[in-house]
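Have a look at the structure below before the remarks.
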Amino acid sequence: MRVLTCLHTMEIGGSQINAIEIAAGVARYGHEVIIYGPDGELRTMVAGLGLEFVQAPPKGEPPSRRNVAAIAEVARRREVDLIHAYEWAPSLESAYGAYLRGGVPLVTTVLSMEVPAWVPKHLPLVVGTHEIAERERDLRPDLHVIEPPVDTEANAPVTDNRQARKNLGLGDDEIAVVSVSRLAAALKLEGLLAATRAVGSLDPALRVRLLIVGDGPCRAEVQAEADEVNTRRGAEVVTLTGAMLDPHDAYAAADVMIGMGMSALRSMAFAKPLIVQGEGGFWLTLTPETLPIFLDQGFYGVGDGTDGTARVAAALDELSRDRGRWAQLGELGRSAVVDRFSLEAASQRQLEIYAGALRPPGNLVRRAVALAHPTAHLINFKMHLARQRRAR
């Protein structure tokens, strides 16, 4: 089977890394998997896993006619058996291109916390949590859950992290709180700013240092907040390291991790205590009592809409003063990842979904009719955005 895995970006991010790692797992079963997306830093990861990369045109306003045609042409030229598109833009561009025009079977994955109404409902859909699946089940007859997997061999506890801490400029007496995150407005920015302010409010005697590992469009805003905190404290308590293609040292060096989604799961694989970041002021430490919540809704949450600085400060203060819990909380996370989020299990599940999707997709008229409803939703959404822009 030849699979074309379509990504909306090749920048470092959980959805893309998840797609590439599962693609490599599928390839290990003897299938040919091609990664398709615009140029970006994750090309190195694709090459390192022995996968082929086909470069897409630069991103346009989705769904882009140019990108629709480009996907259709790659699928035709490479005689692709199935397309797997991640997130809504590649899903629609694949649907209007290779699926509608060429009848190529299409599987979609949406790892965002909500599935847009314009993602076609008649196609196989994979989501990342059981909570999202419950919301979508009555709307989508071909719905599947693959919780974001973790390579538990590549991401594993480190017995001696002194070199990793030295590489990141951490002192022996500093408590390293680490966030590995894309510095983007959606989902991330609110929490990063809250964590930065929180570290600045902690007792200086605790010697807590926050490392924010990542890059993105909101870097200047996060850096400005960090500069303000550092100036007020008279010491560098918040450091932005920039992006790391392989953030192994960041996870290894940490005493406590903060994060959501894939970053949270990797933190757990390294057996680190974890404070889960969400939106709307949500912060919650992973404990035996809270683990069932996260296994249901994903490692994320929505708060009451207030500023979460005090919540994350309280969680950091508690963990910083009770180092005796670190090993217990780390082992809790590691056990959960090994038991439930292995890359091997996710790859096998993906292959089962592919087998079910390899069926005749119907004639051109039926395919066009099936896409009419999501297209109407997309048009309404774009008209709503246009009205908002005119109002501003």
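The values are calculated or read from the model by the stated rules, or taken from the named source; none is laboratory data. What you are looking at is a predicted structure, and each value in this text was computed from that prediction instead of being measured. In this analysis, Cβ positions are derived from the backbone assuming ideal geometry, glycine residues included, and neighbour counts consider all displayed protein chains.
Overview of values
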quantity: Strands (runs of 3 or more DSSP E) enclosed by the range 255-344 - at least 3 residues per element that are in contact (Cβ under 8 Å) with a residue 40 or more places away in the chain and crowded, with 19+ Cβ neighbours inside 10 Å; calculated: 256-259, 274-277
quantity: Scope the range 1-23; condition more than 17 Å from Met262 (Cα to Cα) and more than 13 Å from the chain's Cα centre (by Cα); matching residues; calculated: Met1, Arg2, Val3, Leu4, Thr5, Cys6
quantity: Given (1) touching a strand residue (DSSP E or B) at 6+ places or on another chain (Cβ under 9 Å); (2) closer than 27 Å to Leu245 by Cα, number of the condition Ala95 does not satisfy; calculated: (2)
quantity: Set Ala156, Ala224, Ala164, Ala194: member being small (Gly, Ala, Ser), surrounded by fewer than 19 Cβ atoms within 10 Å (Cβ to Cβ) and under 22 Å from the mean Cα position of the chain (by Cα); calculated: Ala156
quantity: Count of the range 345-360 residues which are under 22 Å from Ala98 (Cα atoms) and of a type outside the set (D, E, K, R); calculated: 9
quantity: Residue list for the range 205-234, restricted to those being without any contact (Cβ under 8 Å) to a residue 24 or more places away in the chain and in a loop (DSSP other than H, G, I, E, B); calculated: Gly234
quantity: Options Ile71, Ile35, Ile20; residue that is crowded, with 22+ Cβ neighbours inside 10 Å, over 30 Å from Pro247 (Cβ atoms) and assigned by TED's automatic domain parsing to the domain that holds Val115; calculated: Ile71
quantity: Filter pass, Ser91 being touching a Pro at 6+ places or on another chain (Cβ under 9 Å), modelled with pLDDT under 95 and not in a loop (DSSP other than H, G, I, E, B); calculated: no
quantity: Sole residue being at pLDDT 95 or above, polar (S, T, N, Q) and within 27 Å of Glu32 (Cβ to Cβ), chosen from Gln350, Gln328; calculated: Gln350
quantity: Index of the failed condition, Thr306 passing every other in (1) closer than 14 Å to Val177 by Cβ; (2) in contact with a Gly (Cβ under 7 Å, 6 or more places away or on another chain); (3) among the hydroxyl-bearing types (Ser, Thr, Tyr); calculated: (1)
